[in-house]
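What follows is a short report on a single structure.
The values are calculated or read from the model by the stated rules, or taken from the named source; none is laboratory data. Please read all numbers here as calculations on a predicted model, not as lab measurements. Cβ sites come from the backbone with ideal geometry, for glycine too, and all protein chains shown count toward neighbours. Surface accessibility is based on the protein's heavy atoms, side chains included, excluding ligands, DNA and RNA. Shrake-Rupley method; radii C 1.70, N 1.55, O 1.52, S 1.80 Å.
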Amino acid sequence: RLQESRERLSVCSKLCYAVGGAPYQITGCALGFFLQIYLLDVAQLDPFYASIILFVGRAWDAITDPMVGFFISKTSWTPFGRLMPWIIFSTPFAVISYFLIWFVPDISRGQVMWYLVFYCIFQTLVTCFHVPYSALTMFISREQSERDSATAYRMTVEVLGTVLGTAIQGQIVGKVITPCIESPLFIGKTNSSVALEELNMTHDTGSLTDTRNAYMIAAGVIGGLYILCAVILSVGVREKRESSELQSDEPVSFFQGLKLVMNHGPYIKLIAGFLFTSLAFMLLEGNFALFCTYTLGFRNEFQNILLAIMLSATLTIPFWQWFLTRFGKKTAVYVGISSAIPFLIMVAVLDSNLIVTYIVAVAAGISVAAAFLLPWSMLPDVIDDFKLQHPESRGHEAIFFSFYVFFTKFTSGVSLGISTLSLDFAGYQTRGCSQPSKVHFTLKMLVSAMPVGLILLGLLLFKLYPIDEEKRRKNKKALQDLREESNSSSESDNTELASIV
């Protein structure tokens with residue numbers, strides 16, 4: 001009892017640990033919703049170069065996850081721990097690089113390289129923060145119940161972080177109207193059309209400066225929150241080396257474990273299903289600001305519409321948690337993710353209407369909540385199934401999670417790159433007050449037709465996923481029997497090891 005009381009984490013420790021999950025979600029939301037429209041309309045990059053920045057940055061982010069995980073595994077223990085130094089030393093450089101992403105350099109050439117370099121640097125540094133933070137769960141306590149409780153606190157704060165990132169970025173930037181230039185086709189084909197356009201450009205210079213300043217202010221606020229969360233985490237959480245020293249598993253070969261994991265059928269089917277459904281919501285996330293601004297004509301409302309999506313997602317996560325425990329996870333997938341389809345079709349077919357758009361935003365948020373929660377709820381079931389089929393092979397949990405993240409990030413980079421490139425082919429006009437009809441059609445495809453098609457394909461692949469509720473209960477019972485058998489056979493060894501410790 002004395003040992004258990006020592007291992008119990010205080011509410012303050014759990015809250016300090018949970019706060020560390022906010023920076024990744026806050027910055028990720030701000031970049032996901034606003035970086036594309038910033039590069040096109042504020043930094044005024046050509047859509048082709050913007051697509052390269054978005055694709056390479058996301059693809060690099062995917063690659064850095066397993067790389068950083070490998071280097072962390074080779075890190076020696078220090079007086080601050082093995083993981084905490086990565087979090088502490090990466091934070092200031094991550095904040096600086098994040099701020100420079102939202103800064104427009106006064107150079108005629110090299111802007112593309114500026115954003116590409118600092119975007120990749122930030123993705124590397126935020127990975128150096130988030131990967132060790134995720135692994136920190138195993139080093140805060142030896143009690144599984146305490147780890148689970150701390151994880152529940154973390155998930156709550158991370159969901160709130162997505163709302164906070166959308167709210168801070170959207171409300172600060174939304175206070176300033178981004179200037180635009182009317183196309184000469186709308187001004188009139190007269191001798192004064194060029195002069196009028198030049199007049200607009202001169203008049204809008206101050207407004208564009210205000211818009212750029214608003215993006216930098218938002219970056220400064222988010223950077224300050226990043227530092228504050230890192231300080232609270234490093235001060236309030238103590239990394240315990242002894243939490244991992246009693247593990248008796250032998251180190252496993254990374255590539256051998258990867259081969260076993262990739263040959264596990266349920267894992268591949270789960271990844272395939274969520275890959276397409278995740279792509280659907282990523283396309284919606286990346287292009288929704290442009291769709292609201294140009295196709296729907298809500299230039300001054302899009303930040304509030306985005307906030308409605310994230311608030312709806314936050315408030316409905318407890319509902320989906322109850323739903324999946326009551327009706328099963330596969331049923332939750334079909335109901336939760338497919339519920340967005342009629343509303344996505346509605347927003348593209350009906351005429352521009354602000355009330356309808358808010359209804360669609362709330363409905364999309366409900367599906368976003370299901371898509372956010374369900375992958376992390378179903379992956380443990382796949383790992384349990386793997387353990388039963390390979391009882392002699394242990395220590396592969398990190399591979400399951402890291403490669404799911406890797407595939408998701410890489411494909412999101414591909415989708416963002418292709419979508420921005422499609423706008424370039426459609427004739428997107430940088431800083432235009434209006435866009436050609438081909439751009440409107442392309443945006444409707446990117447936020448309606450393509451997400452609907454990807455959702456349907458993902459749900460079809462989920463039909464092949466073999467772990468239903470009955471299978472999950474059988475696996476849980478079989479694993480419990482194996483643990484009891486293992487504990488009884490090694491009870492004397494454990495007693496001896498405990499006395500030595």
Open item on the list: Looking only at the stretch 107-129, filter to residues that are open to solvent by 30 Å² or more (accessible area, probe 1.4 Å) and touching an Asp or Glu at 6+ places or on another chain (Cβ under 9 Å); which one of those is nearest to Gly413 (Cα to Cα)?
Closed with: Thr124
Task: Answer from Glu146, Glu158, Glu198 - the residue that is at pLDDT below 85, within 23 Å of Ile227 (Cα to Cα), among the acidic types (Asp, Glu) and in a helix (DSSP H, G or I) - done: Glu158
TODO: Quickly run through the stretch 439-458 and pick out the residues that are touching a Phe, Trp or Tyr at 6+ places or on another chain (Cβ under 6 Å) and open to solvent by 20 Å² or more (accessible area, probe 1.4 Å).
DONE: Leu454, Leu457
Open item on the list: With farther than 14 Å from Phe291 by Cα, assigned to a helix (DSSP H, G or I), among the aliphatic types (A, V, I, L, M) and more than 20 Å from the chain's Cα centre (by Cα) as the only criterion, which of Val335, Val368, Val347 stands out?
Closed with: Val335
Open item on the list: Looking only at the stretch 31-66, how many residues end up being part of a helix (DSSP H, G or I) and either of a type in the set (A, V, I, L, M) or closer than 14 Å to Thr430 by Cβ (or both)?
Closed with: 21
- [ ] Go through the stretch 95-119 residue by residue and tally those that are more than 11 Å from Ala219 (Cβ to Cβ) and either touching a strand residue (DSSP E or B) at 6+ places or on another chain (Cβ under 7 Å) or not in a loop (DSSP other than H, G, I, E, B) (or both).
- [x] 9
Task: Evaluation of Trp102 against (1) farther than 28 Å from Ala152 by Cβ; (2) at pLDDT below 90 (one fails), failing number - done: (2)
Task: Enumeration of residues in the stretch 408-438 that are open to solvent by 20 Å² or more (accessible area, probe 1.4 Å), at pLDDT 80 or above and touching a helix residue (DSSP H, G or I) at 6+ places or on another chain (Cβ under 6 Å) - done: Leu421, Ser422, Asp424, Gly427, Lys438
